[in-house]
1. Starting from the alpha-carbon convex hull of the chain, give the projected area averaged over all orientations, in nm².
2. Taking 0.36 nm per intervening residue step and subtracting the Cα-Cα distance, what contour gain separates residue 99 from residue 60 on full extension?
3. Which residue, 62, 78, 19, tops the fluctuation ranking in a GNM of the chain built on C-alpha contacts under 10 Å?
4. Where is the GNM fluctuation largest for the chain (alpha-carbon springs, 10 angstrom cutoff): 33, 46, 23?
5. Residues of region 61-98 with the amide nitrogen closer than 12 Å to a label point 7 Å from the Cα of residue 14, along Cα-to-Cβ, please.
6. Please compute the length gained on full extension between residue 81 and residue 106, using 0.36 nm multiplied by the number of residues separating them and subtracting their Cα-Cα distance.
7. For residue 37, which sequence-distant residues (separation of 5 or more, or a different chain) have an amide H within less than 5 Å of its own amide H, given hydrogens modelled in the peptide plane?
8. Loop only by DSSP, 12 or fewer other Cβ within 10 Å of the Cβ. Give me the chymotrypsin sites (Phe, Trp or Tyr not before Pro) in region 53-106 that pass, ordered by residue number.
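All of the numbers you see were taken from the coordinates with simple rules; none came from a lab. In this text the structure is predicted, and so the values were computed from the model without any measurement. Here the Cβ positions follow ideal geometry from the backbone for every residue, glycine too, while neighbour counts run over all protein chains shown.
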Amino acid sequence: MKDPQRGEVWLVDLGLAAKVRPALVLSVPPGDADRALVTLVPHTTALRQTAFEVPLLVRFLKPGAFDPQSLVSIPLAKLVRRLGVLGAQELEAVERGVVRWLGLPSSG
């Protein structure tokens, strides 16, 4: 499997409770000496209208939102298949949601 790239959306096995769902790759590909992990922002169709959900209309996903409150790092082996790639503006919107959730300083 080719290493997942930042901005790609993959179908991911998040375990029994979280089930198999789409998730956005937020991390960069690991190097040879790094752990074989990927950090993801899961996509949900069960919206809660939180301040952190990032609703996006993406042609290859059901209507819903990316949920920065559910950030997760998992082994690359849990990725099932690539679904598509977010555009630059869509990726930036999710990044802004993650920055808000983590309380990081905004770059702009």
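1. The number I arrive at for the chain is 7.2 nm².
2. Gain on extension, residue 99 to residue 60, equals 11.5 nm.
3. The residue that fluctuates most here is 19.
4. Highest fluctuation of the listed residues: 33.
5. Once the point is set 7 Å along Cα→Cβ of residue 14, 65-74 turn out to lie under 12 Å by backbone N, inside region 61-98.
6. Result for the pair: 5.8 nm of gain on full extension.
7. Sorted by chain and number, the residues that satisfy this are 76.
8. On the way: sites: 60, 66, 101; in loops: 60.
Those that pass, being in a loop and sparsely packed, are 60.
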